[in-house]
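A.B. asks: Input: one structure, supplied below.
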Amino acid sequence: MSSEMAVNVRISEKPREECGVFGVSTPHGEGIAQVTFFGLFALQHRGQEAAGIAVSDGTRVKMHKDTGLVANVFHQSEMAQLTGYHSIGHTRYSTTGSNSTRNIQPFLVETMHGPLAVAHNGNLINTAALREELLARGFGLTATSDTEVLTLMLAAAGGRTWEDRIERTLPAWKGAFSLVVLVGDRVIAVRDPWGFRPMSVGRLPTGGYAVASETCALTTIGCVDIDEVKPGEIVTLQGAELSRRQALTPASTEARCTFEFVYFSRPDSVWAGRNVHHVRQRLGEELAAESGVEADVVIPVPDSSIPAAIGYSRASGIPHNDGLIKNRYIGRTFIEPTQDLRERGVALKFNALAENLAGKRVVMIDDSMVRGTTAGPLVKLIRDAGATEVHLRITCPPITHACHFGVDMGHDGDLMASRLSVDEMREHIGADSLAFLSLEGMMRAIRHDGSGASAGYCNACFTGDYVMPVHEAPPKLSFEGALA
């Protein structure tokens, strides 16, 4: 029978997803809000705090946004009001600013050039300086998000067209941004010159174009001819027309986030020409080659580690099986558990399958270890189910530095690997052995050429080698004081 062991831990210690953005423009406008809804639904894994959709009929913009999951924010009554030809949407996890309602995106303002709505995936490191500049110019700020700063800067920019205004403003933004911008008669997408966060554009067979943080959202709505938005590129979607402008030269050192491959992106997405599921299998294969151990069964920590466990099993010859069953419906809840349930921690999210673990030497595959609060309880859960040995293998290097480009990992001091050696971490979590994939092994799995080079990718959370100075980067809640 399966064991359901109680452990005292928070439900999850994973790095928090950044955000998901989506935009679409069609010549006919039929079901535009529904298309946006399903695009956001496919991006729900990127943020579960809030969601919003803004739609333009050519001159006027209507918007609905609220806290909660996409399916809970939008109902038929709200969707019926969102009619038009052009639309953007956002699903949020907060990285700058709290998760209060004032920070829900898109941000919508009226300008002398007409309505302007903006949704953002990423994080600016120079937000504090940009906020001070806006305040000095007499602007009033109503939120604590860097997205409001982006929106107001665009609203005040000079230029003949919105594309011109965006191009003029881009050089002032330092950090990660994949934006969708809604104006009266079109949708505009733009990506930072470093290429931190993913963004792709595709053609709708029924007419029009769509843009999204991940290709999975585009394939969900039936897009074809999918292509990546280039770093520093502005892409305009206007009905049946698509235009592209290279506004900024791509950075000499591009910085794609490797954590998109390790954990964030949905496995059916494609980025940099690489299928995420395939890369995760390769991560498992590299892990088996680097840190193999005699064992009887390989199990994943579901769901993101399943492909890596398959790869590890294939490369090591150790059978793969399920050892942990995940409650996939726990999601984010606004119902606080009782103290007794809170103390059950991981048991709210995982059950152990004793039939597959009892008397076995187990290799448990996980994608990352951040604060170390979940690994120990999971090891205990497996031991209590009868495993004789538990060997933990992680499909990326130790995370030793905070991310300042759109991933909420906490501060350096929160990170277990910044304080403890690998052996000290092993002892802390109670595993028989613990091994992380090397940086070179991770890059061999990610890159087309199979080399272990890091060029073109951001690995700052593993190395502390940021592609730009981050001393300006504000803490997540640094702007909350005045607007508390």
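The values are calculated or read from the model by the stated rules, or taken from the named source; none is laboratory data. Please read these numbers as outputs of a predicted model, since none were measured by experiment. Here the Cβ is made from the backbone with ideal geometry for all residues, glycine too, and neighbour counts use every protein chain on show.
A.B. asks: Pick out, from region 1-101, the strands (runs of 3 or more DSSP E) lying fully within it that include 2 or more residues that are modelled with pLDDT of 95 or more, of a type outside the set (A, V, I, L, M) and under 23 Å from the mean Cα position of the chain (by Cα). Spell out how you get there, then give the answer.
C.D. replies: Details: elements: 19-25, 50-56, 61-67, 86-92.
Output list reads 19-25, 61-67, 86-92.
A.B. asks: Restricting the search to region 126-167, which residues are at pLDDT 95 or above, assigned to a loop (DSSP other than H, G, I, E, B) and surrounded by 21 or more Cβ atoms within 10 Å (Cβ to Cβ)?
C.D. replies: Listed by number, the list is empty, since nothing qualifies.
A.B. asks: Of all residues in region 351-365, how many are buried (at least 23 other Cβ atoms within 10 Å of the Cβ) and out of contact with any Gly (no Cβ under 8 Å at 6 or more places or on another chain)?
C.D. replies: Taking region 351-365 and keeping what is buried (at least 23 other Cβ atoms within 10 Å of the Cβ), we get 352, 357, 362-365.
Among the residues that remain, those that are also out of contact with any Gly (no Cβ under 8 Å at 6 or more places or on another chain) are: 363.
Within region 351-365, residues that are buried (at least 23 other Cβ atoms within 10 Å of the Cβ) and out of contact with any Gly (no Cβ under 8 Å at 6 or more places or on another chain) number 1.
A.B. asks: Here is a further query. If you scan region 421-443, which residues turn out to be out of contact with any Ser or Thr (no Cβ under 9 Å at 6 or more places or on another chain) and without any contact (Cβ under 8 Å) to a residue 24 or more places away in the chain?
C.D. replies: Once the filter is applied, which keeps residues that are out of contact with any Ser or Thr (no Cβ under 9 Å at 6 or more places or on another chain) and without any contact (Cβ under 8 Å) to a residue 24 or more places away in the chain, region 421-443 yields Ser421, Asp423, Glu424, Glu427.
A.B. asks: If you don't mind, another one. For the subset of region 215-229 comprising residues that are out of contact with any strand residue (DSSP E or B) (no Cβ under 7 Å at 6 or more places or on another chain) and not hydrophobic (A, V, I, L, M, F, W, C), which member is farthest from Lys174 (Cα to Cα)? Break it down stepwise before answering.
C.D. replies: First, the residues of region 215-229 that are out of contact with any strand residue (DSSP E or B) (no Cβ under 7 Å at 6 or more places or on another chain): 216, 219-220, 222.
So of that shortlist, the ones also not hydrophobic (A, V, I, L, M, F, W, C) come out as 219-220, 222.
Working: Thr219: 31, Thr220: 32, Gly222: 34 Å.
Among those residues, the one meeting the criterion is Gly222.
A.B. asks: Run Arg186 past the list (1) closer than 30 Å to His277 by Cα; (2) touching a strand residue (DSSP E or B) at 6+ places or on another chain (Cβ under 8 Å); (3) touching a residue at least 40 places away in the same chain (Cβ under 8 Å) and report the number of the one that doesn't hold.
C.D. replies: Arg186 satisfies every listed condition except (1).
A.B. asks: Here is a follow-up. Of all residues being basic (Lys, Arg) and either in contact with a His (Cβ under 6 Å, 6 or more places away or on another chain) or within 18 Å of Ser368 (Cβ to Cβ) (or both) in region 380-437, which is surrounded by the most Cβ atoms within 10 Å (Cβ to Cβ)? Just the residue, please.
C.D. replies: Restricting attention to region 380-437, the residues satisfying the condition of being basic (Lys, Arg) are 380, 383, 393, 419, 426.
Next cut, either in contact with a His (Cβ under 6 Å, 6 or more places away or on another chain) or within 18 Å of Ser368 (Cβ to Cβ) (or both) only: 393, 419, 426.
Numbers: Arg393: 27, Arg419: 14, Arg426: 19.
So the residue we want is Arg393.
A.B. asks: Which of the following residues is in the same structural domain as Ala42 (by TED's automatic domain parsing), farther than 22 Å from Tyr263 by Cα, touching a His at 6+ places or on another chain (Cβ under 7 Å) and part of a loop (DSSP other than H, G, I, E, B): Gly207, Gly222? Spell out the reasoning first.
C.D. replies: Details: Gly222 fails: touching a His at 6+ places or on another chain (Cβ under 7 Å).
Selected residue: Gly207, the only one of Gly207, Gly222 that is in the same structural domain as Ala42 (by TED's automatic domain parsing), farther than 22 Å from Tyr263 by Cα, touching a His at 6+ places or on another chain (Cβ under 7 Å) and part of a loop (DSSP other than H, G, I, E, B).
A.B. asks: Can you go through Thr206, Thr236 and tell me which one is modelled with pLDDT under 95 and farther than 30 Å from His401 by Cα?
C.D. replies: Result of the check over Thr206, Thr236: Thr206.
A.B. asks: Within the set of pairs 6+ apart or on separate chains, which have a first residue in region 257-275 that is closer than 19 Å to Pro231 by Cα, a second that is of a type in the set (Phe, Trp, Tyr), and C-beta atoms under 6 Å apart?
C.D. replies: From residues that are closer than 19 Å to Pro231 by Cα, the pairs are Cys257/Phe196; Thr258/Tyr457.
A.B. asks: Select from region 254-271 the residues that are within 14 Å of His45 (Cα to Cα) and of a type in the set (Gly, Ala, Ser) and write down the one among them that is surrounded by the most Cβ atoms within 10 Å (Cβ to Cβ).
C.D. replies: Per the criteria, the residue is Ser265.
A.B. asks: Quick one: in region 289-321, which of the residues that are without any contact (Cβ under 8 Å) to a residue 60 or more places away in the chain and closer than 17 Å to His45 by Cβ is surrounded by the most Cβ atoms within 10 Å (Cβ to Cβ)? Write out each step before concluding.
C.D. replies: So the first thing to find is which residues in region 289-321 are without any contact (Cβ under 8 Å) to a residue 60 or more places away in the chain, and the list is 292, 302-303, 306-307, 309-311, 313-321.
Going one step further and asking which of them are closer than 17 Å to His45 by Cβ, we end up with 302-303, 306-307.
Working: Pro302: 17, Asp303: 12, Ile306: 21, Pro307: 24.
Within region 289-321, the match that is surrounded by the most Cβ atoms within 10 Å (Cβ to Cβ) is Pro307.
A.B. asks: Just for region 358-408: of the residues that are among the acidic types (Asp, Glu) and closer than 24 Å to Gly47 by Cα, which one is modelled with the lowest pLDDT?
C.D. replies: As a first pass, look at region 358-408 and keep what is among the acidic types (Asp, Glu): 366-367, 384, 389, 408.
Going one step further and asking which of them are closer than 24 Å to Gly47 by Cα, we end up with 366-367, 408.
Working: Asp366: 97, Asp367: 95, Asp408: 78.
Ranking the qualifying residues of region 358-408, first place goes to Asp408.
A.B. asks: Filter region 225-249 for residues that are of a type in the set (Gly, Ala, Ser) and not in a loop (DSSP other than H, G, I, E, B) and give the result. Give the derivation first.
C.D. replies: Looking only at region 225-249, we keep the residues that are of a type in the set (Gly, Ala, Ser), and these are 232, 239-240, 243, 247.
Result: Ser243, single match.
A.B. asks: I'm trying to understand the selection: among the residues of region 253-303, which are closer than 20 Å to Phe350 by Cβ, among the charged types (D, E, K, R) and assigned to a helix (DSSP H, G or I)?
C.D. replies: Across region 253-303, the qualifying residue is only Arg280.
A.B. asks: Related question: Being at pLDDT below 90 and in contact with a helix residue (DSSP H, G or I) (Cβ under 7 Å, 6 or more places away or on another chain) is the filter; apply it to region 457-477 and report the residue that is farthest from Thr144 (Cα to Cα).
C.D. replies: Only one residue fits best here, namely Glu472.
To keep it simple, each residue is scored yes or no on (1) under 22 Å from Asp185 (Cβ atoms); (2) in contact with a strand residue (DSSP E or B) (Cβ under 7 Å, 6 or more places away or on another chain); (3) touching a residue at least 60 places away in the same chain (Cβ under 8 Å); (4) surrounded by 24 or more Cβ atoms within 10 Å (Cβ to Cβ).
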residue	(1), (2), (3), (4)
Phe22	yes, yes, yes, yes
Thr36	yes, yes, no, yes
Gly39	yes, yes, yes, yes
Ala50	no, yes, no, yes
Lys62	yes, yes, no, no
Asn72	no, no, no, no
Gln81	yes, yes, no, no
Gln105	yes, yes, yes, yes
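A.B. asks: Looking at region 231-246, I want the residues that are closer than 19 Å to Asn121 by Cβ and have a partner that is in a strand (DSSP E or B) and small (Gly, Ala, Ser) with Cβ atoms under 6 Å, at least 6 apart or on another chain. Which pairs are those?
C.D. replies: Val235/Ala189; Thr236/Ser243; Leu237/Ser25
A.B. asks: Can you pull out the residues in region 237-252 that are within 20 Å of Phe196 (Cβ to Cβ) and either surrounded by 17 or more Cβ atoms within 10 Å (Cβ to Cβ) or out of contact with any strand residue (DSSP E or B) (no Cβ under 9 Å at 6 or more places or on another chain) (or both)?
C.D. replies: Ala247, Leu248, Thr249, Ala251, Ser252
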